[in-house]
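The values are calculated or read from the model by the stated rules, or taken from the named source; none is laboratory data. All figures in this text were calculated on a predicted structure; none of them were measured in a lab. For neighbour counting, all protein chains shown are included, and Cβ atoms are generated from backbone atoms with ideal geometry for every residue, glycine included. Only protein heavy atoms, including side chains, enter the accessible area calculation; ligands, DNA and RNA are left aside. Shrake-Rupley method; radii C 1.70, N 1.55, O 1.52, S 1.80 Å.
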Amino acid sequence: MTEKEKMLAGKLYSAIDPDLLKEINEVKNMLQDYNALRPTDFAARLQLLKRLLGSIADDEVNIIQPFFCDFGKHISVGKRFFANFNFTILDEAPVTFGDDCFVGPNVSIYTACHSTNPVERNSRMEWAERVSIGNNVWIGGSVTILPGVTIGDNVTIGAGSVVTKDIPSNVVAVGNPCRAISTV
């Protein structure tokens, strides 16, 4: 298997593989172009997002600049997707959003995992775990979503939360660690 195939399969892979680093740097160049576009140039922004992301369900996607990701192609967004500024996704594994998702400013989603053992961590071997977000989800500002998390449908994640475990559908969830506090 290539390092990319290992990465996408959730297996240990080399994060310093030259092919992976080349791809990440190409995406960084596209992101620099995207982030430099005028905010009112919706057509150019949409065109570049279609090149960056793996799947866009409709033309109503709106990601306010600046936007940051590692690969882009591992990100899929549903209909009427909106994300505010400073949206960051480390998409070493797939990250999927359902329809009608709203993402507040300064939200970070991580799929990359590193060993807590410093010797292993310093080898630059890592693995990745997917993140899945359902339909009708509102993620408040400055939320962090960790690898392997699934968030159900009709969920609100309160601002500043750190989502470390799955969140069921039809709840409001807040805190660090994030947990359901009420039903919708």
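Measuring between their Cα centroids, the stretch 35-77 and the stretch 133-164 lie 20 Å from each other.
Taking a 23 Å limit on the Cα-Cα distance, which of the listed pairs K28/K79; K4/K50; K4/K73; K22/K79; K28/K165 fall beyond it? The partial results should precede the final answer.
Numbers: K28/K79 25 Å; K4/K50 21 Å; K4/K73 12 Å; K22/K79 31 Å; K28/K165 29 Å.
Checking Cα-Cα distances, K28/K79; K22/K79; K28/K165 exceed 23 Å.
Its Cα centre serving as origin, the chain has a Cβ charge dipole (Lys and Arg +1, Asp and Glu -1) of approximately 200 debye. Only one of the values [x] 52, 42, 29; [y] 44, 40, 24; [z] 43, 37, 36 was calculated from this structure for Cα extents along the principal axes in Å; name its label. Looking at Cα extents along the principal axes in Å for this model, the match is [y]. Placing unit charges on each Cβ (+1 for Lys and Arg, -1 for Asp and Glu) gives the chain a dipole about its Cα centre, and among G104, G54, F68 the Cα reaching farthest toward its positive end belongs to G104. Rounded to the nearest 20 debye, the dipole size of the stretch 63-167 about its Cα centre is 120 debye, using +1 on the Cβ of Lys and Arg and -1 on the Cβ of Asp and Glu. Surface composition of the chain: carbon and sulfur make up 54 percent of the accessible area, probe 1.4 Å. With the Cα gyration tensor of the stretch 127-184 giving a ≥ b ≥ c as the square roots of its eigenvalues, does the rule (a/c under 1.5 for rounded; else a/b larger than b/c for prolate; else oblate) give rounded, prolate or oblate? Oblate is the answer for the stretch 127-184, as a/c is 1.5 or above yet b/c matches or exceeds a/b.
Per residue, what accessible area does the stretch 16-140 have, given a 1.4 Å probe and all protein chains present, in Å²? Here the residues of the stretch 16-140 average 49 Å² of exposed surface. The residue among G10, S132, G158 whose Cα reaches farthest toward the positive pole of the charge dipole of the chain, with charges on the beta-carbon of Lys, Arg, Asp and Glu, is G158. Shown in residue order for the stretch 29-35 are the 3J(HN,Hα) couplings computed by the Karplus curve 6.51 cos²θ - 1.76 cosθ + 1.60 at θ = phi - 60°: 5, 5, 5, 4, 5, 4, 5 Hz (x for Gly and Pro).
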